[in-house]
Amino acid sequence: MYLLPRERGCLTARKQGGFVAKRMKPVDAVLVGVGWTGSILAKEFADAGLTVVGLERGGFRQTVPDFQAPGIHDELRYAIRYGLMQDTSRTTLTFRNRPDEQALPMRQLGSFLPGTGVGGAGVHWNGQTFRFQPADFVLRTHLIERYGKQFVPDDLPIQDWGVTYDELEPYFDRFEYLCGIAGKAGNIKGEIQPGGNPFEGWRSREYPLPPMKQAHAGALFGKAAASLGFHPFPVPSANLTDHYTNEYGLTMKPCMYCGYCERFGCEHFAKASPQISVLPAVLNNPNFTLRTHANVTRVNFDAKARRATGVTYVDAQGQEFEQPAEMVFLCAFAHHNPHLMLVSGIGEPYDPKTGRGNVGRNYTYQTMSSVSVFYNEEVNINPFMGAGALGTAIDDFNGENFDHGPHGFVGGAYVAAYTTGGRPIQHHPVPEGTPRWGLEWKQAVARHYNHTVGIGSHGSSMPHPANYLDLDPTYRDAWGLPLLRLTYDFPENDRRMAEFLADRMLEIANAMGGEQVSENRLGGRYSIVPYQTTHNTGGTIMGIDPQTSVVNRYLQSWDLPNLFVMGASVFPQNPGYNPTDTVGALTYWTIDAVLNRYVKNPGPLV
Amino acid sequence: MDGSLSRRAFLKAAGTVATASALPGTVLAQPTATPRTAPLPAQPGAAPALFLFFTVPEAEFVTAAVDRLIPADAQWPSASQAGVVNFIDRQLASGYGSGERLYLQGPWQRGMPGQGYQLPLTPAQLYRIGISAADRAITQRFDGQRFADLSAAQKDEALGAIETGELDFEELPAPVFFETLLANTIEGFFSDPVYGGNRDMVGWRMVGFPGAYASFIHEVDQHGVRYTRAPIGMGQTGH
Amino acid sequence: MLRLLRQLAATTLLALAAAPAPAQPNIANGQLIAVGGREGQVQTACFRCHGIDGAGDSSGAFPRLTGQFTEYTLKQMRDYANGSRPNDIMTPIAQALSEQDWLDVSAFYAQLEAPDLGRPAFDVAALQRGADLSASGSAERGVQACINCHGPAGIGIEPHYPYLAGQFATYMELQFRFWKEGVRRNDHYGVMTDIANRLTDEDVRAVSIYFESLRPPGSTDPDLRGSDAASRPER
């Protein structure tokens, strides 16, 4: 359709660096990346009798011995030097706020932390496992119906997803039962459940495990929020609360609240991840081959550009391989899937000047702000007694849970008090007005470390025509490919949303009984430097119209029907929740379509 | 370089005062031999540190600087007393110092703050050049005195001028050098003692962080409990 | 345990308001119970089996108590009494004592020291296997490292995770069997039951002798240094 065939797309092995690409034995499916989506696809396809090769750019790693404490409890190595994450010396992206600026390389990680290695970011995630709302999947339609056509700002290319919540519900359920999510249902088949999130979409049954124990910070937040008439609930968590055996016969174990989830692997088999929830059930299947240190450099397609023929990858020795396959699945991080589409010349790159093209369009992120409540020294918060998804949240101001009519913006956020761990290089809160260093700073750190609660708003991100991904004209990665170029700043809509949420957070914070409150509102321009979130989305968005999407509602490429794109790069915009549950649901949704329909009759699934 | 802007953003805030409500603390895990929050005994016999990267004058500069960033007080030692200079020295002599994970391809442009670090320097190079540039600029400003020989107030003035960029270096932006030094100092004060800083876990004791051995399933919902077990580091092998 | 701690906490809160003494261990009473000297005491004195210094013996039935954390031993007394750790000898003893007595006798043993008489020589290959399990766990079995919870070199982590260093291998092997058979059910969330079910007898033996081979907390140097490392028989 918008295909731009290039020489590099040809099937013929070609010379590069003096080596001839070695042609591997053809398989039914090749997976680019072995994180959450790649692992699940591998398991389901291999069980169905398909031959599958998984190509992972990083190394193999598993709970024993790689994640065992005390070695894994090394804040410097893992949280500060990013031991489990993407090596920016090999590949990174360039960044600018606006299309008329010069993009420069992100020379070290900061704002977000993609993984590298088997399990991907599913190793170092926190495990906060929310479903998106029913309205999120039909956002444009919903907004027009509820507020009228003029309400949706002209400059926000908000789209429907092409799939509905009701269609995805069984797949959400399946992913949550794969992980053993610990939570309290708020809505079972339309009946509101006490103790859960009353705003959530209906679910067919209770969570597989009861919610986590509530930490002190969450209790203080929940009490204050309830006193203001809001509806606190325990955050749904992939940090398990008991022994649990999933559909693949894999047993996970209860969380010990060690406070080392985010940026770390779990030593206790207690954080759902590809390593413990999926891969042991497929690694011994002869239908599946895992190749690590295999960096895919392009998707190949036939001379007529009608179907993908496989992928080319480079191993740790620099040897180039061609892996032919009947089906290609892009299962890499949300940045890398659009990158691979762009460097392979599949689909028309988005051009913000003309508005033409879809690959790279609707890059969205998340809009975060926070407040800290400082208590007197009698109130011990014990921030180190934590877990990645140990939190208490309210959803009163998320998505369509409140009337946006008077406010003039789209979207929202959940607000939560998390206790993810008190590792002190990163966690040493001090009140506003404290110097940044010196004796006064030091004494403030000692005074406030154990007596502070942070609450945060986890805000939605709406698309904007000037926010997009394309290829950088200047900078290249270790394999000679152009870097991805990210152009992004917070849209005015999201700034208004964040301000509204910050006001609500301040009301709650002031009711929490502290001595002092400090705010961290969304500042000026988006910066690539401070960590915000690894919820990068969009760039290969899904939809029902090939004019406005890259993949169809089954995540199948409009251009090459045997190419599928998994993960958060298919989100048309990013709601105010963590993405993994929806990524998992879409994975099972796609598997269903592929195994029950596509494999029997290959071609466009419409 | 690491995270310094996020800390700054965190500090930027508007304050309001709310009513305090005290939750009385209860005590769990009475301290054993070394109470977690007890001050460190003086250690006159500490072995002299051998530097792997710093020259002696460089080490003197860094010692003087980090001891203003984290000075000693009546209860807790200064950064250098906690081993932070040795920590930074070893970091610079290791993969971090050589920029093992930095994207170091040109062309080089200064960029905007939101685009992050854009110098063609590894951390080791940044220190080597930065210390020399700082000492030279400070010597000019303070009538020929070296940084390490200034009074505490003068050192604070000099560091503040580097932090804001008021004191300009020709070779590199002074604030980038400052932020790197500050971030590494905080890392050294709070990272596991195996890296040479946080000596005797003073950083952890100061705030009450129990260290690398951690399982709090029994305590997490005992809200307000005073948890006093002494910290344990990764390198501890027994008693 | 948690309930008791909450009771202790409540007592402390009460203490702030009305200023009576909070529940504190009475070590003298603990010692009296340990030696069986309390007036009208009907249950067996602790020292008859565990030794006056708490050193226990290698029979497997009588663990070392010297320097064990008060809270851990207290929970075991409670669990002997309530049946979640049934034991023909200890259950009646625990049931005959009060909650304050449990605290007192636990605190008494917690503050004791005993001479380090050395450890027997063990098979080196088995020790290495045990050391691996202790430090890294087993990918094959799906078991995490022991030291995650039981501390570096098995010294325990206060207040809930007992030390294992220098504990008798025979005792630890017996406890693994009890967990496996569902006799002992007092571990939080069945963590030890799960581990016991995943380890083979050889694994259990290896990890048990590894921990016995380490110097236990509460050790003092013996008067006759090195003279009787073989005072325990080789096993």
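Please treat every number below as a calculation from the coordinates, not as lab data. Every value quoted in this text rests on a predicted model; they were computed, and no experiment measured them. For neighbour counting, all protein chains shown are included, and Cβ atoms are generated from backbone atoms with ideal geometry for every residue, glycine included.
Of note:
- For residues of C:75-81, the mean tally of beta carbons on other chains within 10 Å: 0
- DSSP-loop trypsin sites (Lys or Arg not before Pro) across segment B:66-135, with at most 14 other Cβ within 10 angstrom: B:ARG110
- Normalised by 2.2 N^0.38 Å, with N the number of residues, the alpha-carbon radius of gyration of segment A:294-339 equals 1.18.
- Over every Cα atom in segment A:151-219, the radius of gyration and the widest Cα-Cα span, Dmax, amount to 15.6, 45 Å.
- Other residues whose C-beta falls under 13 angstrom from the C-beta of A:PRO604 contribute a net charge of +3, scoring Lys and Arg +1 and Asp and Glu -1.
- Sorted largest first, extent of segment A:91-241 alpha carbons per principal axis (Å): 52, 44, 34
- When the Cα convex hull of segment A:202-248 is projected onto planes of every orientation, the mean area is 4.6 nm².
- Shape of segment B:62-186, Cα gyration tensor, a/c cut at 1.5: oblate
- Local charge for A:GLU400 was computed over the other residues whose Cβ lies under 15 Å away, with Lys and Arg +1 and Asp and Glu -1, and equals -4.
- Spherically averaged projected area in nm², based on the convex hull that wraps the Cα atoms of segment A:519-606: 7.2
- Against the rule of thumb 2.2 N^0.38 Å, how large the Cα Rg of the protein assembly as shown comes out: 0.97
- Relative to the 2.2 N^0.38 Å rule of thumb, segment C:91-235 has a C-alpha radius of gyration ratio of 1.12.
- Relative counts (whole %) of C-alpha pair distances in segment C:41-173, using bins that are 10 Å wide: 12, 39, 33, 15, 2, 0
- Near A:ALA325, the amide H atoms lying under 5 Å from its own belong to A:VAL27, A:GLY310, A:VAL311; only residues 5 or more places off or on other chains count, and H is placed 1.01 Å from N.
- Share of Cα-Cα pairs in chain A lying beyond 33 Å, as whole percent: 41
- Peptide A:429-441 has a mean of 6 when you count, residue by residue, the C-beta atoms of other protein chains within 10 Å of its C-beta.
- Shape of segment A:398-463, Cα gyration tensor, a/c cut at 1.5: prolate
- Each part gets one Cα centre, and for segment A:477-508 versus segment A:277-315 those centres are 32 Å apart.
- Near A:GLU267, once Lys and Arg are set to +1 and Asp and Glu to -1 for all other residues with Cβ below 13 Å from its Cβ, the sum equals +1.
- Translational diffusion coefficient (Stokes-Einstein; Kirkwood radius from C-alpha pairs) of segment C:41-97 at 10 °C, 1.306 mPa s, in µm²/s: 135
- 3J(HN,Hα) couplings calculated from phi for segment A:146-153 with the Karplus curve 6.51 cos²θ - 1.76 cosθ + 1.60 (θ = phi - 60°) are, in sequence order, 7, 10, x, 4, 6, 6, 7, x Hz; Gly and Pro show x.
- Sparse-neighbour loop sites [trypsin sites (Lys or Arg not before Pro); segment A:214-316; at most 14 other C-beta within 10 Å; DSSP]: A:LYS304, A:ARG306
- For segment A:561-606, dividing the convex hull volume of the Cα atoms by the residue count gives 72 Å³ per residue.
- Residues whose amide H falls under 5 Å from that of A:PHE301, counting only those 5 or more places apart or on a different chain, are A:THR309, with hydrogens built in the peptide plane.
- Amide H contacts of A:ARG485 (H built 1.01 Å from N, under 5 Å, at least 5 apart or other chain): A:THR94, A:ASP470, A:LEU471, A:ASP472
- Under the combined filter of DSSP loop state and at most 10 neighbouring Cβ atoms within 10 Å, segment A:347-438 retains these trypsin sites (Lys or Arg not before Pro): A:LYS353.
- Put simply, when A:210-218, C:83-91, B:200-208 are sorted by average Cβ atoms within 10 angstrom per residue, most first, you get B:200-208, A:210-218, C:83-91.
- Across peptide C:135-147, the average count of Cβ atoms from other chains found within 10 Å of a residue's Cβ is 5.
- Put simply, the C-alpha atoms of segment A:455-546 give a gyration tensor, and the ellipsoid matching it has half-axes of 34, 17, 11 Å, longest first.
- Segment A:49-172 - convex hull of the alpha-carbon atoms, volume per residue in Å³: 213
- log₁₀ of I(q)/I(0) at q = 0.20, 0.22 Å⁻¹ - segment A:193-289, Debye sum with one point per alpha carbon: -1.09, -1.19
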